[in-house]
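No lab work stands behind these numbers, since they all come straight from the coordinates. Note that this is a predicted model, so its numbers are computed, not measured. Every residue, glycine among them, receives a Cβ derived from its backbone with ideal geometry; neighbour counts consider all protein chains shown.
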Amino acid sequence: MRSPLLAALLLSTALTPGSNKSERFAAELDGVLRPSQLVDVGTAADGVLETVLVDRGERVQLGQLLAELDMSVEEATAELARLRSRQVAAIKAAEIRLQRLEDRLSDHETLFEDGILSSEDLRETRVEKELAEFALIDARENRTIAEFEYRRARSIVDRGRIKSPVSGIVVERFRSAGEIASRTSAEPIVRIAQMDPIIVETFASVAHLGRIRTGMEAEVRVAAPKEIVRMGKVTVVDRMLDAASETFGVRVEIPNPGFRLPTGLRCRVRILP
């Protein structure tokens, strides 16, 4: 239930002259720099970790290989499927047999017209030719199936190659080579903080309700270790107020090329009209 004080503040904000959305104002807020994402990277396959290629504090790029499972059996299966997908002997044999039967059928049709070959012999030749056509179709379908089996085997192998879903910093490594990794494990292999962009989480007084909106520009000023000023945009404005503090959350996103700004620093945010 809304507190009387909160209701009074909301009412006074709504009734104050010049407090509409077009009014120019600048809200000064305190905030803390945070990574835009903290990603726990696990595995899509079960197995033993053959290698973990990154450690805490290292920078990683989107798509970079982080770790590999021991996929020797799956690699062998994929290679076998690859060889099967490239086999052409069955198709070539079926094509040659079909060509011979087409030539024979043409000769037999001529002999039948000349009264030398019986209709029963001609019918048998036609059946053999149709069977050869089906044999060729079967050989081609088997090769197509082998190609799909190879793609499936390769995808299984690729699932054992764990890649980074974001660019950022490795903030924790939980697993090492030789340990078992599982899809159902609650513990990831590594945790990565996405550092570009970064965000500022701050809280605004209920007096600014309706004035701070997503898309507004914001000036973020970091005082230590040296003063740095960056421009960003408001990306989130909470629609649920905290009754105890009579504030609502605001998130500002700022670019951080080269990861020059570390997270965890306190900053001052000025929401611009």
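Below are the figures for this structure:
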{"read-out": "Identity of the residue in region 160-189, surrounded by 17 or more Cβ atoms within 10 Å (Cβ to Cβ) and basic (K, R), that ends up nearest to Q64 (Cα to Cα)", "value": "R173"}
{"read-out": "Any chance T202 is among the β-branched types (V, I, T), over 30 Å from L49 (Cα atoms) and buried (at least 18 other Cβ atoms within 10 Å of the Cβ)", "value": "yes"}
{"read-out": "Selection status of A94, in contact with a helix residue (DSSP H, G or I) (Cβ under 6 Å, 6 or more places away or on another chain), part of a helix (DSSP H, G or I) and not polar (S, T, N, Q)", "value": "yes"}
{"read-out": "Elements of type strands (runs of 3 or more DSSP E) in region 168-273, at least 2 residues being in contact with a Cys (Cβ under 7 Å, 6 or more places away or on another chain)", "value": "217-222"}
{"read-out": "Region 30-73: number of residues that are free of Cβ contacts under 8 Å to residues at least 24 places away in the same chain and surrounded by 14 or more Cβ atoms within 10 Å (Cβ to Cβ)", "value": "1"}
{"read-out": "Selection status of L136, touching a helix residue (DSSP H, G or I) at 6+ places or on another chain (Cβ under 7 Å) and either among the acidic types (D, E) or more than 26 Å from E149 (Cβ to Cβ) (or both)", "value": "no"}
{"read-out": "L136 vs. criteria over 30 Å from G47 (Cα atoms), part of a helix (DSSP H, G or I) and more than 48 Å from the chain's Cα centre (by Cα)", "value": "no"}
{"read-out": "Count of residues meeting criterion [under 26 Å from the mean Cα position of the chain (by Cα) and in contact (Cβ under 8 Å) with a residue 60 or more places away in the chain] in region 225-257", "value": "4"}
{"read-out": "Test for F174: is it over 30 Å from L272 (Cα atoms) and either more than 20 Å from the chain's Cα centre (by Cα) or aromatic (F, W, Y) (or both)", "value": "yes"}
{"read-out": "Residue that is of a type in the set (G, A, S), exposed (fewer than 12 other Cβ atoms within 10 Å of the Cβ) and within 26 Å of E133 (Cα to Cα), where the choices are A94, A89", "value": "A89"}
{"read-out": "Selection from region 146-167 of residues that are assigned to a helix (DSSP H, G or I) and either touching a Cys at 6+ places or on another chain (Cβ under 6 Å) or in contact (Cβ under 8 Å) with a residue 60 or more places away in the chain (or both)", "value": "A146, E147, E149, Y150, R152, A153, R154, I156, V157, R159"}
